[in-house]
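The values are calculated or read from the model by the stated rules, or taken from the named source; none is laboratory data. What you see is a predicted model; the values in this text were computed from it and never measured. Note: ideal-geometry Cβ built from the backbone for every residue, glycine included; neighbour counts use all protein chains shown. The accessibility values were calculated without ligands, DNA or RNA, using every heavy atom of the protein model including side chains. Shrake-Rupley method; radii C 1.70, N 1.55, O 1.52, S 1.80 Å.
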Amino acid sequence: MTIEFRGVTKRYEDGALAVDELSLTVPDGSMTVFVGPSGCGKTTSLRMVNRMVEPTGGEVLLDGRNVRDADPAELRRGIGYVIQHAGLFPHRTVLGNIATVPMLSGWSRRSARRRAGELLDTVGLPAELGSRYPAQLSGGQQQRVGVARALAADPPVLLMDEPFSAVDPVVREGLQDELLDLQRRLGKTIVFVTHDIDEAVRLGDRVAVLRVGGRLAQYGTPADVLRHPVDDFVAEFVGKDRGYRGLSFLSAGDLEVDDVATAAIGSVPEDSDEWRLAIDAERRPRGWLAPGSTVDGRLAEVDLVAGGSLYRRGTSLRGALDAALSSPASLGVVVDDDGATVGVVTARHVLDVIERHPASVTATSGTANTTATSRTANPTATSRTPRA
Amino acid sequence: MTIEFRGVTKRYEDGALAVDELSLTVPDGSMTVFVGPSGCGKTTSLRMVNRMVEPTGGEVLLDGRNVRDADPAELRRGIGYVIQHAGLFPHRTVLGNIATVPMLSGWSRRSARRRAGELLDTVGLPAELGSRYPAQLSGGQQQRVGVARALAADPPVLLMDEPFSAVDPVVREGLQDELLDLQRRLGKTIVFVTHDIDEAVRLGDRVAVLRVGGRLAQYGTPADVLRHPVDDFVAEFVGKDRGYRGLSFLSAGDLEVDDVATAAIGSVPEDSDEWRLAIDAERRPRGWLAPGSTVDGRLAEVDLVAGGSLYRRGTSLRGALDAALSSPASLGVVVDDDGATVGVVTARHVLDVIERHPASVTATSGTANTTATSRTANPTATSRTPRA
Amino acid sequence: MSITDELATYLGSANTRAQLWAALAEHCYLALLPILLGVVLAVGAGWLGRTWPPVRGTLAVAANLVYTIPSLALFVVIPGVIGTTILDSVNVVIALSLYTAALLVRPMLDALDAVPQAVTASATAMGYRPARRFFGVELPLAVPVLAAGVRVAAVSNISLVSVGALIGVGGLGRLFTDGFQREYYAPIVVGVVLTLLLALVVDLLLVLLRRVLTPWQRPASPNRPVAAGEAA
Amino acid sequence: GNPLRGGAEGGDDGRIVIGASDVGESLLLAEIYAGALRGAGADDVTVRPPVGGREVLVQALRDRSLTLAPDYSGNLLRHFDQDTSATTSAEVYRELPGALPEGLEVLDQSPAENTDMLVVRGDLAAQGVRTISDLAPRCDRLVFGGPGQWGERWRAEIRELYGCEFKEIRTTDTGGPVTVEALRSGEVQVANMFSTSASVYSNGFVPLDDDRDMFPAQNIVPLAAEGALSARERAALDRVSAALTTEKLTDLNVEFSERKRNPADIADEFLAQAGGR
Amino acid sequence: MIAETLAWLGDPANWSGPGGVPARVLEHVGYVALALAIALVIAVPVGLLVGHTGKGAVLLVGAGNIVRALPTLGVVTLFFLLLAESTPAAVVGLVVLAVPPIMAGTYAGVQAVDPHVVDAASGVGMRGMQRLWQVEVPIALPMVLGGVRNAVLQLVATAAVAAYVGLGGLGRYLMDGLAILDYAEVVAGALFTAALAVVLDLLLAGLQRTVVPRGVRLAELATSKGAA
Ligand SMILES: Nc1ncnc2c1ncn2[C@@H]1O[C@H](COP(=O)(O)OP(=O)(O)OP(=O)(O)O)[C@@H](O)[C@H]1O
Ligand SMILES: Nc1ncnc2c1ncn2[C@@H]1O[C@H](COP(=O)(O)OP(=O)(O)OP(=O)(O)O)[C@@H](O)[C@H]1O
Ligand SMILES: [Mg+2]
Ligand SMILES: [Mg+2]
């Protein structure tokens, strides 16, 4: 289901202009992330989709139909909504929470709860959590229940308002992975709100950067926004590591992988004046053996220098560069999907690939329109902000 | 004043082991940051310094004297304490809050308030805020007042428990800068608690990474922790960008700065098939003029491609690499302290410098002791965690 | 005569015991029915305050005003207003219902306000219409706070019913007037003790009822404590 | 509905509700009536706890919340006929039926009397105050204690008959503990009490002789809602009234307010003695 | 009834002398003030202590509930018999009535002080009593006064029972009116009682405004706005 904002404006009763002439399209089956500083109108924009907020100007269309023409309650039952802290009903069990929308839509209690049980599985929660109350779950589990609840009636559209901001960074990353996976499997049209540019870039097919006052600053693919911010506001907002982060969107392509001297744990390595990668029986990297170091008898973990981050073959250049930079040997270890060592890369190889990449800059004149180097179809967006 | 933890253990009445045999020394005038996942005992450790929590084993020494021998209230008046959410007294004005400790210590009302006024300035707040109440301040301002209050009696030691966690990232960065500046000027001995590794690395002379169960995983300089995590827990905790982040601790040294073709805004540039850096009258970079682009008349901002991040000369290699990576021309712009263009660097130059850096790895055998590549004196620490 | 002897003599009469039971039964009826009615009224007020916020101020003021009227006066004036007979126990029931409602309106409104915004917002977003949301989500979540208010109201009611004895409808209160008239400690002591016991039992039952109505507040699993939202 | 209230109170369904005023012995009399009626076969008889004064009882009898209540002939007459000059038992009882409003009736009156009387403490009596006439010259220095409605009923009378105008008329209660306490402590010097009241004598108070017959005869008389009682029930009540004498009533009062016995128990004993059942 | 009440109010006899409205109001206020003063002396220290130390909260709530359940009429009559004096009996009954709300308000107020603030108070080196007086009490004041207002409302409404044991006050109109079914008098009594309660409550609200620290009010405002 395609979501389209057409010149949408929201001015609250107190005169605050929360959203100003927002126009953009979220194509069917894709995820758009609204990102921007606090108070820039992200939540307001999101809520105009399910009529929790009524626009004071413009219109929001779902598959071309103005949402204003739908009965609000009916409309909302067809749109999943997930918010920060999950907004779970504390007085209902996990299953009761998930079954809410089906029950509202008139399903029988039994089938609603059966569906809820399935969804527990979909979001990766064990079935025995079903009878718990939200207060008995961890933050991450609550968020998963929130997602399951939003999915319960199998709505084509999902709205998610900072759903993961209350959980700690590690759990958060796990939840993001699961959301990406879910999205791949279910193909919903998702609007996601966050104020964290990293999250936006990680999740979105497209990112809409809003500025305070509710104006769209830029709408484009994450690569676009990171690599070609339209103005200083966006540049500042995406942060000073944007060059490095932008590598996330460069595929490794023909990255040259070198062989590396290895030494198996348990073997008796000869002395050597080069760095050797210690590997175990499954060829998984365990650490580095420094040049000139001597090993008493068989090679054991205690003889090693801790390794750097690992680079999984086929992922973006960001990981490759970090692997090389973090390695004590300056050699980034490349592993396959099973974690077995494939070889090593140097930072220089990575730079080679970066340089070989086609210069993706097409917007040579100072238009503020977003560029077209999208991962998916060309987003329809109008950013009316002139270059700062 | 030196703070020393000697085999400090805290087991709460309910049996929870919050801190387990913690031993480390915070040298006089330095800042140590405790970092670790939620519940790892950071707060507990911190509060044992000013006896808000009494250890169940071991001892905490201030300049060699066991804190247990001091009167708690007296002790606390000599130790500044800043907590999350600032913990300001809502019924007192800003000045009243800051003057609390001097008044408790028997200063006259007048001198206490005069001192409070000075401190407002120290923490960068305008004097007119003095008569406001905490509820009338923004989160960032409240945090500043919290810091001022802790500084009021000019204590040699400051304890700060996630003081900036309630404010948004931009404000937070500002507060961190101010804290670093303050620390430079006042030379307090500071223990700082956070669960954000970025904050820890940014602020600390030393970072103590704790694991759940209250055990010290690693104690060392930020560079150390980022570049040589002692085990998988620390490696995982410091995150997967650690190679890149670790560049923060490599000085640019003899980084080669190249000249770059420039074009002044307002001039009429000739056509050219190389990237040219657009600069203004003060030589500040404004963006890039793409190869082969034509300019109608005088060069204006609209003709330009947005530039990448800027690299300030003399700062770490991290900024230099990002500047190169984020530049549409693959040339990172180097500026001086006034923001005027000095030249450009390429990613390759940066790699050259990285490679020329002395391999800082000295711990070639698998000891878990921290390495000695410290920014300051060798920290005294015992991490009893074996390699994972 | 010592008080124990006096009590023994007093309770020795079968007629006395029969009267005590009747008084106790009447006391229960007079104190407990108003709680039920008062809760219904307060819920109604809460609903009104939620759906039409401008009346909230009025509701709060009205509740406070009701509370300022002496119970005795209310007992006596009610027949004049609604046309019941003066000895009708309905007068007491109505008066106490009003007091209960007055006592509960504030906590009711506060409790409804305390329902986390995220929860109401997600209910709305899931397609709840207002009435269903109120009864299905907001009201249940207000129960813990409301329950605390009901406990106070119940105990106050049980104590207040006695005043009805001055108009001849007072349950155990008649023991006080009787003891007073005859300068007789026994009935007063028995009356006070029975009132306290009744209050204790009712309070206990309300606590149990609250537990039954709020299963989510029970720490069912050991891994996470549940925030206790109980007011004193 | 109210499970304790049943249907229409004091109605024609055979249910009998007996009321009592806040005069102490009223409850005792009500229990005696209740016992007598039960003896006469009425099976649904309740005694309500005391409520206020005559005004309340009359109102309740008229709206049939009550069926029956004990009353005192003289005051009852005055209640409906302010200007009556009847003072003797016979005069009063003769005038009563005519004075009663629609819906009320009185049964046979009992020879037992319980009149209002003014009492003083022993010390005042010792100064020679034995009658109200003795009291009259001192009235303007004395504080009087009595029920709330006393002033309205008697202030003018006592001024007219005796020329007594009290310094202050204070509200205590209807011959109950507050009155006793006030007189005992000297807070009031004269009080209105009742002739059968045990506490007058147990406290050493001295009743003053009503030498100009201000207080009318006060024979005990059952006041009933008209037609609410069967002939058999009326007969039972008449028998009880006949059996009750002033001495007997005073004795019963001692049992009630001095020995603190349950009024129902006292009533049972009395009725057994009087062969009322 | 309205006409009769107006007539009663218009009768000058009801406005003068020992039985007149001004005298009755004064008596009424007297009982309330005396009972309130005693209740404050009992309830506030207990509430502060329990709130400050956090010890005995269960006991306090339990005891509060039991005291609340004590029937005022029972207490008054019992003490009348015990003391053979009307005023102390009535006052004891009223004190019993006023203690629970004041105690609960005080305790809840101290207990509700943001734990971060209490923690900060200890952290800057305040000793127990300094923390209590300099931090907990000022912040708890709104709730303490809330409890007092609550108590005053109940006191004013219930001081009428004093009339039952022969005392004055506005309850006199209720009791005497009731005895002779003079509705006008009862209604007048009720009106004056209610009006007195409202006036006293307004006075206390004014007091609350002046004694509650501005910062605390601002903080309350901020949170209530946040919640709205
Ligand atoms: N109900 C409302 N009435 C008045 N103004 C409002 C209302 N809701 C939001 N606003 C204002 O509209 C602007 C946008 O608010 P919105 O909640 O959409 O921001 P946001 O981007 O979601 O911010 P945050 O990141 O803090 O959640 C803000 O200035 C806010 O104060
Ligand atoms: N007063 C207490 N009583 C019992 N256990 C406690 C108490 N305070 C803390 N703990 C427990 O001790 C452990 C360490 O707590 P502490 O507050 O020091 O952690 P922390 O590292 O500061 O965590 P966070 O990042 O969440 O603030 C936790 O498991 C916690 O549950
Ligand atoms: Mg928002
Ligand atoms: Mg902590």
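Computed quantities for the displayed model
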quantity: Cα-Cα separations in region A:262-356 greater than 20 Å, expressed as whole percent; calculated: 35
quantity: Alpha-carbon centroids, region D:61-113 and region A:252-328: separation in whole Å; calculated: 118
quantity: Ellipsoid semi-axes in whole angstrom, largest first, where each is sqrt(5λ) of the Cα gyration tensor of chain C; calculated: 39, 23, 12
quantity: GluC sites (Glu not before Pro) lying in DSSP loop within region A:1-91, provided at most 11 other Cβ fall within 10 Å; calculated: A:13
quantity: Scattering curve values for the protein assembly as shown, log₁₀ I(q)/I(0), Debye with Cα scatterers, q = 0.04, 0.05 Å⁻¹; calculated: -0.40, -0.58
quantity: Under 10 Å, Cβ to Cβ, from residue D:176 - net charge with Lys/Arg +1 and Asp/Glu -1; calculated: -3
quantity: √(5λ) per eigenvalue of the Cα gyration tensor, chain D, largest first, Å; calculated: 33, 20, 17
quantity: Region A:3-239 - percent relative contact order, Cα under 8 Å, separation 6 or more; calculated: 28
quantity: Cysteines (scope the protein assembly as shown) whose Cβ has no counterpart Cys Cβ under 4.7 Å; calculated: A:40, B:40, C:28
quantity: Gap separating the Cα centres of region A:106-167 and region D:205-257, nearest whole Å; calculated: 80
quantity: Candidates per GluC sites (Glu not before Pro) in region E:1-107, loop by DSSP, up to 11 other Cβ within 10 Å; calculated: none
quantity: Close Lys-Lys pairs in the protein assembly as shown, where close means Cα under 24 Å and separation is 8 or more or interchain; calculated: 11
quantity: Model label zone, residue E:130; criterion: amide N under 11 Å from point 7 Å along Cα-to-beta-carbon; scope region B:93-118; calculated: B:100-107
quantity: All-pairs Cα distance distribution in region B:107-202, expressed in whole percent, bin size 10 Å; calculated: 14, 49, 31, 5, 0
quantity: Distance between region C:1-46 and region E:85-143 - C-alpha centres, whole angstrom; calculated: 34
quantity: Relative frequency of Cα-Cα separations exceeding 17 Å in region A:1-115, percent; calculated: 62
quantity: Span per principal axis, largest first, for the Cα atoms of region E:1-124 (Å); calculated: 66, 34, 25
quantity: Where the Cα pairs of region E:1-60 fall when distances are cut into 5 Å bins, in %; calculated: 4, 15, 12, 12, 10, 9, 8, 7, 7, 8, 6, 1
quantity: At most 10 other Cβ within 10 Å, DSSP loop - trypsin sites (Lys or Arg not before Pro), region E:187-224; calculated: none
quantity: Net charge contributed by nearby residues that have their C-beta within less than 11 Å of residue E:101 (K/R +1, D/E -1); calculated: +2
quantity: Ranking by accessible area, most exposed first, for E:25, C:76 with a 1.4 Å probe; calculated: E:25, C:76
quantity: Binned Cα-Cα distances of region D:50-103, short to long, each 5 Å bin given as a whole percent; calculated: 4, 19, 30, 23, 16, 7, 1
quantity: Environment charge of residue C:23, counting only residues whose C-beta is closer than 11 Å and scoring Lys/Arg +1, Asp/Glu -1; calculated: 0
quantity: Scaled radius of gyration (Cα, divided by 2.2 N^0.38 Å) that region D:90-175 gives; calculated: 1.36
quantity: Directionally averaged projected area (convex hull, Cα atoms, region B:3-239), nm²; calculated: 12.7
quantity: Rh (Kirkwood; distinct C-alpha pairs) - region C:102-151, Å; calculated: 11.1
quantity: Per residue accessible area in Å² of chain A, where ligands, DNA and RNA are left out and the probe is 1.4 Å; calculated: 40
quantity: Axis proximity, chain B to A: residue whose C-beta lies nearest, plus whole-Å distance; calculated: B:244, 3
